[in-house]
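Undergrad: Have a look at the structure that comes next, please.
The values are calculated or read from the model by the stated rules, or taken from the named source; none is laboratory data. All figures in this text were calculated on a predicted structure; none of them were measured in a lab. Every residue, glycine as well, gets a Cβ built from its backbone with ideal geometry; the counts of neighbours run over all protein chains shown.
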Amino acid sequence: MTANIIWPVSVCVAVAAMLLQYGRRRTIKHPNLAFDFFSKANLKEAFGGDYLVTPERISEQLDMPLEEASRWHKWFAGGKQELSLKMMLVKASELRKADGEKICGVLFDVHSGSRDAGFSMKDVVDVLQSWCIRRYGEMCKCGEDELIQIIMGLIQSLEVSDSGNITQAEWMQLSSVFPELFDPKSPNGHVSYLKVLCRVRKDACEHLEDPFLHDRNPP
């Protein structure tokens, strides 16, 4: 049985602290399209002279942490040990044509790897943080407090089991509850960012006013 998460104050504070620490050390490097670094032109320029593409080369050429580069390498290779530029171009083309639901699923596949248990809370924070920064760029850099509100709102919207981890089915709720967050056909980045921010603030107000969460007539 699943139920809406009611996060204890201590958990909310811990998540907010993680976001603040992450925001201080991260530099915004991709303020445009979320997958612009996987464009055909970029990939050909970066790996055109490579016989095989390695995680180290992805990390170096696309300026991403090696751990993240290794995850993308595995996704592009589709389970194979070796990855070529041709394979990357085929998968990147699928990625750029994907709808919001597909993108949401890809993010889970890439960042969860082979872990059947799904995402831990830290995984969820890291993935949402990284995605929002790539999708909204400088707006996140200028509005760190707003970004924290968005991440907290997205997490609180999930219905999860008692296991503590978030499964793929539970993660995929985000694509239906917040379609503008992933859908490439949604309004431009600024409008989409404001829509998500307004949604999470509205949901937070409704959450505080829920009579099931607050006893308005204590004995």
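Yes or no, residue by residue, for (1) in the same structural domain as residue 151 (by TED's automatic domain parsing); (2) surrounded by fewer than 14 Cβ atoms within 10 Å (Cβ to Cβ); (3) at pLDDT below 90:
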residue	(1), (2), (3)
13	yes, yes, yes
22	yes, no, yes
53	no, no, no
69	no, no, no
80	no, yes, no
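Undergrad: Let me ask something else about it. So which residues in the range 84-103 are touching a Pro at 6+ places or on another chain (Cβ under 9 Å), buried (at least 19 other Cβ atoms within 10 Å of the Cβ) and either basic (Lys, Arg) or at pLDDT 90 or above (or both), if there are any at all?
TA: Matches in the range 84-103: 103 only.
Undergrad: Do the conditions hold for residue 120, that is, is it out of contact with any Ser or Thr (no Cβ under 9 Å at 6 or more places or on another chain), under 27 Å from residue 165 (Cβ atoms) and hydroxyl-bearing (Ser, Thr, Tyr)?
TA: So residue 120 fits the description; yes.
Undergrad: Sort out which residues of the range 144-179 are under 12 Å from residue 104 (Cβ atoms), part of a helix (DSSP H, G or I) and either in contact with a Pro (Cβ under 9 Å, 6 or more places away or on another chain) or of a type in the set (A, V, I, L, M) (or both), and write them in order of number.
TA: 154, 169, 174, 177
Undergrad: May I ask you to verify whether residue 165 is at pLDDT 75 or above, within 29 Å of residue 102 (Cβ to Cβ) and out of contact with any helix residue (DSSP H, G or I) (no Cβ under 7 Å at 6 or more places or on another chain)? Walk me through it before giving the result.
TA: Working: at pLDDT 75 or above: yes; within 29 Å of residue 102 (Cβ to Cβ): yes; out of contact with any helix residue (DSSP H, G or I) (no Cβ under 7 Å at 6 or more places or on another chain): yes.
In short, yes.
Undergrad: Sticking with this structure for a sec: Among the helices (runs of 4 or more DSSP H) confined wholly to the range 49-143, which include 2 or more residues that are in contact with a helix residue (DSSP H, G or I) (Cβ under 9 Å, 6 or more places away or on another chain) and of a type in the set (Gly, Ala, Ser)?
TA: Fully inside the range 49-143 and qualifying: 66-77, 85-97, 100-112.
For (1) small (Gly, Ala, Ser); (2) touching a Lys or Arg at 6+ places or on another chain (Cβ under 6 Å); (3) in contact (Cβ under 8 Å) with a residue 40 or more places away in the chain, each residue gets a yes or a no:
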{"site": "48", "(1), (2), (3)": "yes, no, no"}
{"site": "53", "(1), (2), (3)": "no, no, no"}
{"site": "58", "(1), (2), (3)": "no, no, no"}
{"site": "64", "(1), (2), (3)": "no, no, no"}
{"site": "68", "(1), (2), (3)": "no, no, yes"}
{"site": "71", "(1), (2), (3)": "no, no, yes"}
{"site": "75", "(1), (2), (3)": "no, no, no"}
{"site": "94", "(1), (2), (3)": "no, no, no"}
{"site": "101", "(1), (2), (3)": "no, no, yes"}
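Undergrad: OK, next. Select from the range 35-64 the residues that are of a type in the set (Phe, Trp, Tyr) and within 23 Å of the chain's Cα centre (by Cα) and list them in ascending order.
TA: Within the range 35-64, 35, 37, 38 meet the criteria.
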